[in-house]
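Read through the structure below, which is laid out as structure tokens, and then see the notes.
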Amino acid sequence: MPTQYGVVPLRVEQGTLRVLLITSRETRRWVVPRGNPIGGLSPSASAAQEAFEEAGVRGVVAADPLGSYRYTKKRKNGAGVLTDVQLFRMVVEEELESWPEAQERERRWFALDEAADAVQEPDLQALLRRLDAAFC
């Protein structure tokens, strides 16, 4: 099964933990920044690079995975491939006004419960609902 790496971009806003979601390019559904491993980079560094490219954020990425979820990645030929995504916590320090995929995606900060409701993958929903306690 293919593995991707991604981040859960977080910040505290007026005492409330918030998460940044982006839209996928094809289906426009809400997702976390994620992508294929990048040669020469560690899993957490690959995840940080995806966060920059897809969401235009930079920050401190935890070395250890926060958790994982699976989704069916659609190939160009229409086939679906079950893919495992290892996620790393990112405390966002910088939100850029322009970034590589800015024209292809929307990004939005959500409260954790709203983010969990917005994503489709059940394992990702559960991970987001557990985050508040895990963050502290």
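The values are calculated or read from the model by the stated rules, or taken from the named source; none is laboratory data. All figures in this text were calculated on a predicted structure; none of them were measured in a lab. In this analysis, Cβ positions are derived from the backbone assuming ideal geometry, glycine residues included, and neighbour counts consider all displayed protein chains. With ligands, DNA and RNA removed, areas are computed over all heavy atoms of the protein, side chains included. Shrake-Rupley method; radii C 1.70, N 1.55, O 1.52, S 1.80 Å.
Roughly speaking, to the nearest percent, how much of region 40-136's 1.4 Å accessible area is carbon and sulfur? Could the numbers behind the result be given before it?
Values: 2480 of 5450 Å².
Exposed carbon and sulfur together represent 45 percent of the surface.
Below 8 Å, C-alpha to C-alpha, sequence gap of six or more: please give me the relative contact order for the chain in percent. If you can, show how the numbers build up before the last one.
Working: 289 pairs, mean separation 41.9, N = 136.
With pairs under 8 Å counted, the relative contact order is 31 percent.
What order do you get for 44-54, 58-68, 86-96, 72-82 when each peptide is scored by the mean count of other beta carbon atoms within 10 Å, highest first?
Listed from highest to lowest mean packing, they are 44-54, 86-96, 58-68, 72-82.
State in Å² the accessible area per residue of the chain; use a 1.4 Å probe, count heavy atoms of protein chains only, and round to the nearest integer.
For the chain, the solvent-accessible area averages 53 Å² per residue.
List every residue whose amide H lies under 5 Å from the amide H of S68, counting only residues 5 or more places away in sequence or on a different chain, with H placed 1.01 Å from N in the peptide plane.
L87
Return one number: the angle in degrees, 0 to 90 and rounded to the nearest 10, between the long axis of the Cα atoms of helix 122-135 and the longest principal axis of the Cα atoms of the chain.
Taking Cα atoms only, the helix is inclined about 30 degrees.
List, in order, the whole-Hz ³J(HN,Hα) value for each residue of region 32-47 obtained from phi through the Karplus relation with A = 6.51, B = -1.76, C = 1.60 and θ = phi - 60°; use x for Gly and Pro.
9, x, 7, x, 5, x, 10, x, x, 10, 5, x, 5, 5, 4, 4
Tell me whether region 79-136 comes out rounded, prolate or oblate; compute the Cα gyration tensor, take square roots of the eigenvalues as a ≥ b ≥ c, and use a/c under 1.5 as the rounded threshold.
It comes out oblate by the Cα gyration axes.
Please give the Cα centre distance for region 1-29 versus region 82-111, rounded to the nearest Å.
5
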